[in-house]
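J.: Below is the structure I would like to discuss, written out as structure tokens.
The values are calculated or read from the model by the stated rules, or taken from the named source; none is laboratory data. Since the structure is predicted, the reported quantities are computational estimates derived from the model, not experimental observations. Positions of Cβ are backbone-derived with ideal geometry, glycine not excepted, and every protein chain shown enters the neighbour counts.
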Amino acid sequence: MYLGALNIFVLWGSPLAVSAVSFAVYAITMGKVLTAAKVFTAIALFNALRDPLRDLPTVIQTCIQAKISMNRFSDYLSLDEFTPNNVIRNDPKQPNDVAMAIQDGTFGWSTDAPLLSHVDLTVKRGDLVIVHGSVGSGKSSLCSALLGEMDKLAGSVFVRGSIAYYSQQTWIQNMTIRDNILFGLPYDMEKYSKVVAACGLLPDFKQFPGGDSTEIGQKGVNLSGGQKARVCLARACYSDADILLLDSPLAAVDAIVQSQIFNDCICNLLAEKTVVLVTHSADIIASEVANMKVLVEDGKLMATRQEVALPRYSYTLPLSPRSTKDDIIDGETKDVDAGRLIDDEEREEGRVSKEVFS
């Protein structure tokens, strides 16, 4: 309150102070004759300048903010434009049994530093491709190249059909679990039940107070890492895309859940789909169910195709005593008080009571 009073005092008292100082300097220091005409003219001028000078700091601040915003616009508009021809869709020159193909491809996030060099890869329809390698070797970059998100510096990329992508960084919206899985698609009860069962979500639904109608917080704050991973995997499976790019979907679950999801989801639910699975699991890498295994090392790909004796749906991944990186155990969940995280706002109607002003 005192600061506001001081501000008003300075605002309205400054013209008087400026006038007094100006007249004193004019008459005493400069030795000029101060007449009534000069005094009234100067006072009128000072009063006219009061409002513009009061708004001057706001104008300066607005100009600084505008300069910062223009710099951001300039940086954004200076970025390289997305080129849709990074990926060729449905090329009639490609054989009908080819789902994806890269021919002598070189990719990078900038032209100065390519991350993947001289890549040759052919994935047929219905193939299960296991991509493995050390951390930072370029596995996620390979997925980005197939999606067309990386700059194609050389070669060609061909993709036939639609793609569902599971990112290594899970993405959860602030809505119910079911809405996160459906992602705008119509609800098919039979299909939905198969997907959530294959992704191992049924035990979690039983522990949530609202089941799959439980509202999820922003970025999945009330879900564990493994639960977020399985919800995102279920979303990709429910999309019914022709090709599924799965970037480490089993890294956040323990060995038991990993084996269950691989058997029920990858080998059974997606048995007719083209699946590119990025994984660090030694059991999955050593399995004989994959049509192709791709080793990524320092931006180089070494692909090995193998003959699969049995169909994918008849394979069962055996459990190994080796320990895996486990973020949760099956069915783990955080305490949730209610199915909805955000309650409806409350309001009262009528006159404002006197207690509000007391």
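J.: Return the pair list, or none, for Cβ contacts closer than 6 Å from residues in the stretch 233-244 that are under 18 Å from Leu146 (Cα atoms) to residues that are in a loop (DSSP other than H, G, I, E, B), at least 6 apart or on different chains.
T.: Cβ pairs passing all conditions: Ala241/Ser162; Asp242/Gly161; Asp242/Ser162; Ile243/Gly161; Leu244/Lys273.
J.: Among the aliphatic types (A, V, I, L, M), in contact with a Lys or Arg (Cβ under 7 Å, 6 or more places away or on another chain), surrounded by 10 or more Cβ atoms within 10 Å (Cβ to Cβ) and part of a helix (DSSP H, G or I): which single residue out of Leu16, Leu11 fits that description?
T.: Step by step, each of Leu16, Leu11 is checked, and only Leu11 is among the aliphatic types (A, V, I, L, M), in contact with a Lys or Arg (Cβ under 7 Å, 6 or more places away or on another chain), surrounded by 10 or more Cβ atoms within 10 Å (Cβ to Cβ) and part of a helix (DSSP H, G or I).
Conditions tested, residue by residue: (1) at pLDDT below 90; (2) assigned to a loop (DSSP other than H, G, I, E, B); (3) of a type in the set (Val, Ile, Thr); (4) surrounded by fewer than 16 Cβ atoms within 10 Å (Cβ to Cβ).
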site: Ala290; (1), (2), (3), (4): yes, yes, no, no
site: Leu295; (1), (2), (3), (4): no, no, no, no
site: Tyr313; (1), (2), (3), (4): yes, no, no, yes
site: Leu317; (1), (2), (3), (4): yes, yes, no, no
site: Glu332; (1), (2), (3), (4): yes, yes, no, no
site: Val336; (1), (2), (3), (4): yes, yes, yes, no
site: Leu341; (1), (2), (3), (4): yes, yes, no, yes
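J.: When Phe262 is evaluated against the numbered criteria (1) touching a helix residue (DSSP H, G or I) at 6+ places or on another chain (Cβ under 8 Å); (2) at pLDDT below 90; (3) within 20 Å of Ser314 (Cβ to Cβ), which criterion, by number, is the only one it fails?
T.: (2)
J.: Is it fair to say Asn7 is of a type in the set (S, T, N, Q), under 30 Å from Trp109 (Cα atoms) and not assigned by the TED database to the domain that holds Phe158? Spell out the reasoning first.
T.: Values: of a type in the set (S, T, N, Q): yes; under 30 Å from Trp109 (Cα atoms): no; not assigned by the TED database to the domain that holds Phe158: yes.
Considered against the rule, which asks whether it is of a type in the set (S, T, N, Q), under 30 Å from Trp109 (Cα atoms) and not assigned by the TED database to the domain that holds Phe158, Asn7 comes out as no.
J.: Within the group Ser74, Ser69, Ser141, Ser78, which residue is touching a strand residue (DSSP E or B) at 6+ places or on another chain (Cβ under 7 Å) and among the polar types (S, T, N, Q)?
T.: The unique qualifying residue is Ser141.
J.: Can you tell me which residue in the stretch 254-266 is surrounded by the fewest Cβ atoms within 10 Å (Cβ to Cβ), limited to those that are in contact (Cβ under 8 Å) with a residue 60 or more places away in the chain and within 21 Å of Val123 (Cβ to Cβ)?
T.: By that ranking, first place goes to Cys265.
J.: Quick one: Ala36 ticks every box in (1) surrounded by 10 or more Cβ atoms within 10 Å (Cβ to Cβ); (2) not assigned by the TED database to the domain that holds Gly136 except a single one, so which number is it?
T.: For Ala36, the failing item is (1).
J.: Which condition does Asn90 not pass, out of (1) closer than 16 Å to Ile163 by Cβ; (2) surrounded by 10 or more Cβ atoms within 10 Å (Cβ to Cβ), if it passes all the others?
T.: (2)
J.: I would also like to ask the following. Could you please tell me which pairs satisfy a Cβ distance under 9 Å, a separation of 6+ or placement on different chains, a first residue in the stretch 269-295 that is on the phi < 0 side of the Ramachandran plot, and a second residue that is of a type in the set (Asp, Glu) and not in a loop (DSSP other than H, G, I, E, B)?
T.: Within 9 Å, the pairs are Val276/Asp247; Leu277/Asp247; Val278/Asp247.
J.: May I pose another question? Given the stretch 129-222, what helices (runs of 4 or more DSSP H) lie entirely inside it while holding 1 or more residues that are more than 24 Å from the chain's Cα centre (by Cα) and assigned by the TED database to the domain that holds Ala241? Talk me through it step by step, then tell me what you get.
T.: Working: elements: 139-147, 177-182, 189-198, 202-207.
So the answer is 189-198, 202-207.
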